[in-house]
Ligand code: SF4
Ligand code: SF4
């Protein structure tokens with residue numbers, strides 16, 4: 001079931017927290033948490049497809065980012081996981 005209730009405003013208008021963006025595509029933080037090591041960072045591809053599992057319902061039909069609201073639920077405890085998510089040891093992944 002979609003969490004989206006509110007209509008997305010036109011690009012450039014104030015954010016109303018409809019959550020459309022997070023249902024369409026994961027952000028860079030979500031990619032690091034939920035799909036570590038998935039492809040290159042750019043360009044966005046099917047690997048970035050949403051919905052984000054961290055998107056939560058909020059008051060008045062709005063949505064909230066669970067990573068921002070409850071960061072303790074997404075804490076990475078061991079160094080191996082941190083190294084994997086930071087892509088340590090995989091060489092330079094920055095675009096030239
Ligand atoms: S939640 Fe995302 S899609 Fe909705 S208004 Fe804000 S930035 Fe736009
Ligand atoms: S819910 Fe949070 S972590 Fe998920 S895509 Fe949206 S902003 Fe990123």
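We did not get these values from a lab; they are worked out from the coordinates using the rules stated. What you see is a predicted model; the values in this text were computed from it and never measured. Cβ: placed from backbone, ideal geometry, glycine included. Neighbour counts: every protein chain shown.
Sorted on the mean count of surrounding Cβ atoms within 10 Å across their residues, most packed first, peptides 57-66, 21-30 read 21-30, 57-66.
When 79, 8 are sorted by how many other C-beta atoms sit within 10 angstrom of their C-beta, beginning with the fewest, the order is 79, 8.
At R0 = 30 Å, how high is the FRET efficiency between residue 13 and residue 79 if r is their beta carbon distance? Nearest 0.05 is fine.
Approximately 0.10, to the nearest 0.05.
Using the rule -39500 (n - 2.57) for each DSSP H run of four or more residues, divided by the residues of the chain, the 222 nm mean residue ellipticity is -5000 deg cm²/dmol.
Counting every alpha-carbon pair across the chain, the share separated by more than 18 Å comes to 54%.
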